[in-house]
Amino acid sequence: MNKPKRDRQFRPLPVPSVDLYGVFGDRQDAICESTAETLLDRCVEAGMLRAIDTSQPSQGVVIPIQPWGGTTQMFWDSDLGKSIETVAYSLYRRPNPQLEARVDEIIDMYEKLQDGDGYLNAWFQRVQPGRRWTNLRDHHELYCAGHLIEGAVAYYQATGKRRLLDIMCRYADYMIKVFGHGEGQIPGYCGHEEIELALVKLARVTGEKKYLDLAKYFIDERGTEPHFFTEEAIRDGRDPANFIQKTYEYNQAHQPVRAQKKVVGHAVRAMYLYSGMADIATEYNDDTLTAALETLWEDLTTKQMYITGGIGPAAANEGFTDYYDLPNESAYAETCASVGLVFWASRMLGRGPNRRYADIMEQALYNGAMAGISLDGRTFFYENPLESAGKHHRWIWHHCPCCPPNIARLLSSIGSYMYAVADDEIAVHLYGESKAHFEIGGSKITLAQETRYPWDGAICFDIVTEKSARFAMSLRIPEWANGVAIKVNGEALDLSSVMLDGYARIEREWKNGDHVDLDIPLAARSLFANPLVRQDAGRTALMRGPLVYCVEATDNGSGLSGIRLNGDVSKATTSEVAELRGAVALDLPARRDEADWGSALYRASPPHARETTARFVPYPFWDNRAPGEMLVWVRAGEERGE
């Protein structure tokens with residue numbers, strides 16, 4: 001087989017080009033039915049609309065200034081931007097004139113708020129107007145702009161309405177004048193990355209390369225010397241060494257991006273930076289950025305990532321600590337960070353299908369990210385621990401409500417992460433019941449995917465096209481999958497002859513009615529952590545397909561740490577849990593410590609154990625029933641108390 005060049009550009013299918021059913025469709029229905037409106041309602045309750053309403057006096061500081069010198073109120077524009085983006089994606093699935101009218105009112109307010117030069121930021125126009133562009137390290141101005149840009153692009157694509165897009169184009173045009181190395185320009189970048197990937201979206205929807213160039217400028221400048229954050233602090237009369245995190249690693253600004261080898265600092269910021277870098281690598285065919293990203297990817301996924309795709313174990317910096325430091329009960333593992341990992345993985349696929357990235361994208365999506373929103377779409381997790389004593393529950397809102405609209409915008413646009421197209425190829429990165437509509441070589445094609453994945457591994461593809469077309473269909477074969485089989489029009493395919501970078505690449509002349517059957521056996525499997533992860537020593541975790549499983553007190557009673565697995569986990573019996581929308585549970589033989597200890601704190605003999613059956617449910621579905629304990633890593637092997 002001739003290997004295709006890997007300098008091609010794969011673009012994700014637009015959100016409206018993918019119709020979703022099954023598990024993803026169910027999550028999108030919940031967003032349409034409740035989450036999208038809930039986000040706007042809670043933004044109103046928090047005071048965000050009043051903050052941008054120039055017909056009312058400014059309410060000033062509502063959330064107090066914190067020790068880092070700012071307040072989460074500074075980020076309100078970003079929360080509105082992500083909420084608008086969520087509404088936009090939801091309108092593809094289910095038109096909602098009332099919701100659309102509410103967004104139009106918000107856009108009215110932003111249009112009136114925007115300065116004549118294009119600047120737009122509620123905090124620095126109405127609360128601290130004299131502080132514009134004085135502390136890019138800490139104050140999130142460009143971050144807020146980025147989320148508003150992404151909201152504007154999505155809303156324009158969903159409705160055809162250009163007003164917010166035009167507002168943000170004016171703002172981006174102003175940024176081009178403000179930032180750079182020319183006379184009077186600011187040679188800087190944002191402390192919280194986000195603007196980079198937003199500008200790429202803006203460039204793609206407008207066709208204006210100048211926005212790509214600005215994104216590339218921000219990436220190329222980061223971490224260079226003389227250090228911008230140091231110079232900025234001195235100009236502003238601040239001690240450059242006196243800031244809460246004490247290190248530029250927090251912002252991934254400690255070195256130029258191409259020199260960075262270790263993933264450090266704030267987890268969400270890191271993921272957004274790497275996403276922007278991957279976009280620019282794709283747009284400019286920049287191998288130097290791709291090489292840096294490959295090194296960082298290896299560092300993250302082999303030394304610093306939870307089995308759930310959660311990242312950033314520490315609350316202190318909302319980010320990374322040291323290699324193999326992955327505590328379970330205190331895990332921070334912010335929902336936004338897993339969402340960001342999905343963003344990064346997806347963009348790493350921009351230069352061609354590669355299982356290395358798509359497998360992690362699936363793992364982080366289903367577990368670390370999807371756990372962040374309840375099945376009804378109304379309550380949320382900020383932190384995602386892998387163990388709970390029963391006190392960790394989803395909440396309605398948060399003083400820093402970044403996660404609810406972030407997971408909502410991801411799930412409501414997930415179709416664009418499932419498929420990507422190049423000139424002569426369609427790549428299927430994620431499986432789920434859906435219909436993808438695309439065009440290759442002048443042929444309009446629908447690829448219908450029929451499956452109950454992730455509950456069942458049988459996946460059927462049907463080609464619908466008015467005329468035949470020659471192209472490659474690349475289907476991801478997960479690394480964890482054993483015994484995978486593919487048939488094309490009923491004829492078995494030799495998988496080894498078509499594998500490329502973990503994908504089965506089937507290149508042929510496709511005709512209307514062609515049919516591909518992909519069977520990915522789903523069996524429960526045990527995973528063990530690297531011995532250097534001290535918190536998981538002597539323990540095992542269960543996965544089935546892309547899903548991590550956990551035990552909950554709801555099914556097993558309290559004292560989950562007393563469970564020890566017994567026997568071959570691949571022989572687990574399965575059953576559907578109606579309360580969890582038909583999710584597949586695993587029932588396994590186990591031994592369990594008896595509650596026979598008495599009043600002593602310690603004693604010379606171990607507890608007695610009894611034979612039992614332990615029920616495991618998918619981790620992303622936990623805390624959707626009665627509250628109680630939860631545990632991912634359970635004790636492995638047999639050790640009997642006498």
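Residues in segment 101-124 that are outside any loop (DSSP other than H, G, I, E, B) and in contact with an Asp or Glu (Cβ under 7 Å, 6 or more places away or on another chain): 3 in all. Taking first residues from segment 101-127 that are in the same structural domain as G146 (by TED's automatic domain parsing) and partners that are small (G, A, S) and assigned to a helix (DSSP H, G or I), the Cβ contacts under 6 Å between residues at least 6 apart in sequence or on separate chains come to A122/A51.
Within segment 305-322, residues that are free of Cβ contacts under 8 Å to residues at least 60 places away in the same chain sit with their Cβ atoms under 7 Å from residues that are hydroxyl-bearing (S, T, Y) and surrounded by fewer than 24 Cβ atoms within 10 Å (Cβ to Cβ), at 6+ positions apart or across chains, in these pairs: G312/Y332; P313/T321; P313/Y332; A314/T321; A314/Y332; E318/Y332.
Restricting to segment 519-529, what's the tally of residues that are in contact with a helix residue (DSSP H, G or I) (Cβ under 8 Å, 6 or more places away or on another chain) and either closer than 20 Å to Y323 by Cβ or β-branched (V, I, T) (or both)? Summing the residues that are in contact with a helix residue (DSSP H, G or I) (Cβ under 8 Å, 6 or more places away or on another chain) and either closer than 20 Å to Y323 by Cβ or β-branched (V, I, T) (or both) in segment 519-529 gives 2.
Can you find a residue that is surrounded by fewer than 20 Cβ atoms within 10 Å (Cβ to Cβ), in the same structural domain as G340 (by TED's automatic domain parsing), assigned to a loop (DSSP other than H, G, I, E, B) and touching a residue at least 40 places away in the same chain (Cβ under 8 Å) anywhere in segment 150-162? So far as segment 150-162 goes, yes, one or more of its residues are surrounded by fewer than 20 Cβ atoms within 10 Å (Cβ to Cβ), in the same structural domain as G340 (by TED's automatic domain parsing), assigned to a loop (DSSP other than H, G, I, E, B) and touching a residue at least 40 places away in the same chain (Cβ under 8 Å). One residue stands out among those in segment 55-65 that are surrounded by 13 or more Cβ atoms within 10 Å (Cβ to Cβ) and free of Cβ contacts under 8 Å to residues at least 60 places away in the same chain: the one that is nearest to the chain's Cα centre (by Cα), which is V62.
For (1) outside any helix (DSSP H, G or I); (2) out of contact with any helix residue (DSSP H, G or I) (no Cβ under 8 Å at 6 or more places or on another chain), each residue gets a yes or a no:
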{"position": "I280", "(1), (2)": "no, no"}
{"position": "A292", "(1), (2)": "no, no"}
{"position": "W297", "(1), (2)": "no, no"}
{"position": "T301", "(1), (2)": "no, no"}
{"position": "T308", "(1), (2)": "yes, no"}
{"position": "S330", "(1), (2)": "yes, yes"}
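Against the conditions (1) closer than 25 Å to L165 by Cα; (2) crowded, with 16+ Cβ neighbours inside 10 Å; (3) under 27 Å from the mean Cα position of the chain (by Cα), D41 satisfies every one except (2). In a residue-by-residue description of segment 9-24, the property of being assigned by TED's automatic domain parsing to the domain that holds D138, polar (S, T, N, Q), within 21 Å of the chain's Cα centre (by Cα) and more than 30 Å from N135 (Cα to Cα) applies to at least one position.
From the list N482, N566, N489, pick out the single residue that is closer than 30 Å to N384 by Cβ, modelled with pLDDT of 95 or more and of a type in the set (S, T, N, Q).
Numbers: N566 fails: modelled with pLDDT of 95 or more; N489 fails: closer than 30 Å to N384 by Cβ.
Result of the check over N482, N566, N489: N482.
Does M74 fit the bill of being assigned to a helix (DSSP H, G or I), within 18 Å of Y272 (Cβ to Cβ) and of a type outside the set (F, W, Y)? For M74, the condition - assigned to a helix (DSSP H, G or I), within 18 Å of Y272 (Cβ to Cβ) and of a type outside the set (F, W, Y) - is met.
When K261 is tested against (1) buried (at least 17 other Cβ atoms within 10 Å of the Cβ); (2) touching a residue at least 24 places away in the same chain (Cβ under 8 Å), just one condition goes unmet, and that condition is (1).
Among the residues of segment 509-549, the ones that are of a type in the set (K, R), surrounded by fewer than 16 Cβ atoms within 10 Å (Cβ to Cβ) and either out of contact with any Asp or Glu (no Cβ under 9 Å at 6 or more places or on another chain) or at positive phi (or both) come to 1 in all.
Inside segment 385-411, residues that are under 16 Å from E194 (Cα atoms), part of a helix (DSSP H, G or I) and either touching a Gly at 6+ places or on another chain (Cβ under 7 Å) or among the hydrophobic types (A, V, I, L, M, F, W, C) (or both) make up a count of 3.
The values are calculated or read from the model by the stated rules, or taken from the named source; none is laboratory data. Because the structure is a prediction, the values reported are computed rather than measured. We place every Cβ from the backbone using ideal geometry, glycine too, and count neighbours over all the protein chains shown.
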